[in-house]
Every structure is written in structure tokens, then in C-alpha cells.
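Have a look at the structure below, then the notes.
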Amino acid sequence: MKAQVFRGVNQLSYEEIPVPTLEADEVLVQVRVVGLCQSDIKKIRYPLYEPPRIFGHETAGTIASVGANVKGWTVGQRVAVMHHIPCMRCSYCLNDNFSMCDVYKNISTTAGFNASGGGFAEYVKVPGHIVQNGGLIPIPNDISFEEASFVEPTNCCLKAVKKAQIAPGQTVLVTGAGPIGLMFMMLVKYFGARAIATDLLPSRIEKALNVGAEAAFDARDPDLPAKIQALTGGMGVDVTLLAVPSDKAFFQALDCTRKGGKILFFAEFPDELEIPLNPNILYRREIDLMGSYSSSYRLQSLSADIVFNRRIDVKALISDRYPLQDLSQAVDQAIAPTPETYKILIYP
């Protein structure tokens, strides 16, 4: 089969490799579409993981083979694939910190080499632990593989929305109107809150309004805090979701978030970046700072419901489609997006 093998920083090699062989409790899925995620790009462009590996984890496809002991799954079924499932027994899992679980971190779907998602290949193997514990999600007949590939990123965003306790009637600032920021706006609106967006690109500011933001501004606008105060009765927003790794965006969030509000870090910042902060700002204004990483097993069914019942329009996020052989080109476009670049999908 063909696969894009990570051979080192910025080195993707389009290769012929063996189709993974199955153990008795495993399932082989033919990948029909896989989303290109910012975390994939980070792993390709920075020395974070030893090669060789095959990345890609927002996967939807068709079951091609099942192990002898697999029950309840048959060849030909259409499935969305979750690349991590927690153990549900460790101290992290018992406190709903599923993404901190060692099993969650270390057991993953694979197309070969060190297990790393494996979606950037024609076939991906799903380990028994993931098969047996809810990592395969049947795709309804009326839902496309493209739509189904959004179940995993929807879960990640939904986890952040739930962690920030976004509720009806609240106002939420979303910094960055890329594919993740836009999904946040859709979810904020779905849960009955108002979204305000910022971005640097006029096209993305317009797109934010099109997907449901109540207002959208240029992030460089010096009057941004005043404009947000005006939209919120002089209070500021209840929650800010940082969907871009920008220290400027963080300081804007401090200016725009009300006393007693929350600021959630969703985008991963460069490791070398340090943000100076007077802790009395948090103390006197009672601002909660929090982070949200990866998905939540607790929200898996709700994420599938939101996508499969089209409670948000994930198709509106898709801008580009590339064959697997052109993955490097897709990564380049994601790093230097055109004004119309949003979610990029890859087709093995």
C-alpha cells in the first residue's frame, strides 16, 4: 500500500509499504479520507518524534478486514476511527483527565512503524483495545466520509467548550478564525452562547460571520477592547477561547474578558515562548486560566451526534482536498494559508 512516511523534520516520503497484519482482536480500515490537523503539521515540522512514523488521525473509512476474535464488526462497514481510547481505570481516567492516561497516549492506530495515528496511508490498523472500547463509530448511511472525519476534531473542541462551562446567554471571544476557531464559533452558537471572533485576514473575519459569529474584528484593531465592552454592556466576554498560539492574543484576552471570567488555551504555543504575567491580575479580577488538550472519551457520543445529525455544518469548514501523494503540498498550504484556506482533507 501507499503511505506518507515521516523520515525526519520536514521529510515526508511517499512510499510503498506492507499492509499491516492483524492480530485476532484487531481491525483493518481502508482510509477514505483523513483530515490534516495542526498537530500533524507540528509533528512533521519540528523534532518532536523519532522517525519513521505515519501520522494522520482524523480518519474515516471502510472496514477491510477483521481479526478472528472480533465481534460486532464486519467487512464493508463505514466507520469513523478514534485513534486513542483511555483505560478508564487509572487515576487520571477516574478524574475524567482521559488525555493524560498512559494507555490513551501510548496505544494508537497505526499503518506501520511506531504507532502514531496512521491515517496518512491507504490502510490503518486499529488495535484490540480501541476496537473493544468504542474506538470505531459506525457512520450513518446519509453521512459522507468527509463529514465523519470531523468527529474527532469536534470532540476536541467540544471538550474545551465543556471545560470552560460555556452556557446559554454567555458571550465568548474566539481568537483566530481558522478551521478550529470556526468550529468553536459553531459550537458556541449551538450551545446558546454568542460568539465574537478575531482574525488577521478579512476573508476569515467574513467567514466567521457566515458561520454564526455575532461580531468579528481585525485582531490588530486598537479599539478592540472598547468594541467588546460595548457589545457586552461594559462587562467584557465571559470566556475567551485562544485558538491561535499568540501572546498578543492572550494579552488581548486579558483586556477583553470580564472579572470572574475564563481564558482557555486551546492552541499549543512554541515551547520557547514565555508570557510574563502579574499574578495579581488573576487574583484581583478572579480570572480562571485553563488549558484543554485532545479529546474526551466522555464526549464521544455527543460529538458523533453533533456531526451525524448535522447540528453544526462541518462541510462549511472544508476548503481544500488533496490526494495522499500531495501531502507535503497540503502541509505547505496549511502553514502559509491563502485567504480562502480552512480545513484541508487528504484522500488516500
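Determine ³J(HN,Hα), in whole Hz, for all residues of segment 161-175 in sequence, where each value follows from phi through the Karplus function 6.51 cos²θ - 1.76 cosθ + 1.60 and θ = phi - 60°; x replaces Gly and Pro.
Residue by residue, segment 161-175 yields 4, 5, 5, 7, 6, 5, 9, x, x, 7, 10, 10, 8, 10, 8 Hz.
Ignoring ligands, DNA and RNA, what accessible area per residue does segment 26-183 give at 1.4 Å, in Å²? Write out the running numbers ahead of the final one.
On the way: 5850 Å² over 158 residues.
Per-residue value: 37 Å².
To the nearest 10 square angstrom, what accessible area does Glu23 show with a 1.4 Å probe?
120
At a 1.4 Å probe radius, carbon and sulfur cover how many percent of the accessible area of segment 12-93? Write down the numbers at each step before the final one.
Numbers: 1850 of 3800 Å².
After summing per-atom areas, the C and S share lands at 49 percent.
Expressed as an acute angle from 0 to 90° and rounded to the nearest 10, what is the orientation of the C-alpha long axis of helix 247-256 relative to the principal long axis of the chain?
50
By the scheme Lys and Arg +1, Asp and Glu -1, what is the net charge of all other residues having a beta-carbon under 13 Å from that of Ile17? Write out the running numbers ahead of the final one.
Numbers: positive: Lys2, Arg7, Arg53, Lys125; negative: Glu15, Glu16, Glu122.
Once positives and negatives cancel, what remains is +1.
What does the charge count near Asp288 come to, summing +1 for each Lys or Arg and -1 for each Asp or Glu among other residues with Cβ under 12 Å from its Cβ?
Details: positive: Lys163, Arg258, Lys259, Lys262, Arg285; negative: Asp238, Glu286.
Net charge around Asp288: +3.
Measure out, as a whole number of angstrom, how far apart the alpha-carbon centroids of segment 131-198 and segment 330-348 sit.
Centre-to-centre (Cα) distance: 20 Å.
What does the accessible area of Tyr190 come to, in Å² to the nearest 10, when a probe of 1.4 Å is used?
In the full protein context, Tyr190 sits at about 90 Å².
State the answer as a single residue: which of Thr257, Ser203, Gly176 lies farthest towards the positive end of the charge dipole of segment 160-291, with beta carbon charges of +1 for Lys and Arg and -1 for Asp and Glu, about the Cα centre.
Thr257
Return the distance in nm (one decimal) between the two label points of a simple spin-label model at Lys315 and Arg285, each offset 7 Å from Cα along Cα→Cβ.
4.2
Amide H of Thr257: which non-local residues (sequence gap of 5 or more, or other chain) have their own amide H closer than 5 Å, using H built in the peptide plane?
Result for Thr257 returns Val237.
At a 1.4 Å probe, what is the % contribution of carbon and sulfur to the accessible area of segment 160-291? Numbers along the way, then the final one.
Details: 3290 of 6200 Å².
The computed percentage sits at 53.
Net charge around Lys259, counting only other residues with Cβ within less than 10 Å of its Cβ (Lys, Arg = +1; Asp, Glu = -1)? Numbers along the way, then the final one.
On the way: positive: Arg258, Arg284, Arg285; negative: Glu286.
Here the charged neighbours net out to +2.
For Ile281, Ile143, give the ranking by accessible area with the largest first, probe 1.4 Å.
Details: Ile281 55, Ile143 0 Å².
Ranked from most to least accessible, the order is Ile281, Ile143.
Largest first, how would His83, His129 line up by accessible area (1.4 Å probe)?
Working: His83 20, His129 45 Å².
Largest accessible area first, the residues go His129, His83.
Considering Cα pairs under 8 angstrom that are at least six residues apart, work out the relative contact order of segment 160-291 and quote it in whole percent. Mind showing how you got there, number by number?
Details: 246 pairs, mean separation 29.1, N = 132.
Reported relative contact order: 22 percent.
Which value, in Å² and to the nearest 10, is the accessible area of Asp271 when all protein chains are kept and the probe is 1.4 Å?
In the full protein context, Asp271 sits at about 130 Å².
Calculate the dipole size of the chain relative to its Cα centre from +1 charges on Lys and Arg beta carbons and -1 charges on Asp and Glu beta carbons; express the result in debye to the nearest 20.
Numbers: 33 positive and 36 negative charges, 148 e Å.
Once rounded to the nearest 20, the dipole reads 720 debye.
Run the numbers on the chain and let me know its relative contact order in percent, using alpha-carbon pairs under 8 Å that are six or more apart. Please list the in-between numbers first.
Values: 765 pairs, mean separation 60.1, N = 348.
Over the chain, the number comes to 17 percent.
Checking the cross-link filter: which lysines have an alpha carbon closer than 29 Å to that of Lys159, excluding same-chain neighbours under 8 positions apart?
Answer for Lys159, where 29 Å is the Cα cut-off: Lys42, Lys43, Lys105, Lys125, Lys189, Lys207, Lys227, Lys248, Lys259, Lys262, Lys315, Lys343, listed by chain and number.
Sorted by accessible area (1.4 Å probe), largest first, how do Leu302, Leu327 line up?
Working: Leu302 55, Leu327 0 Å².
I get Leu302, Leu327, largest accessible area first.
The values are calculated or read from the model by the stated rules, or taken from the named source; none is laboratory data. Please read these numbers as outputs of a predicted model, since none were measured by experiment. Using ideal geometry, Cβ is built from the backbone for each residue, glycine included, and neighbour counts are taken over all protein chains shown. The protein model used for the area step is the full one, side chains on, heavy atoms only, and it has no ligands, DNA or RNA in it. Shrake-Rupley method; radii C 1.70, N 1.55, O 1.52, S 1.80 Å.
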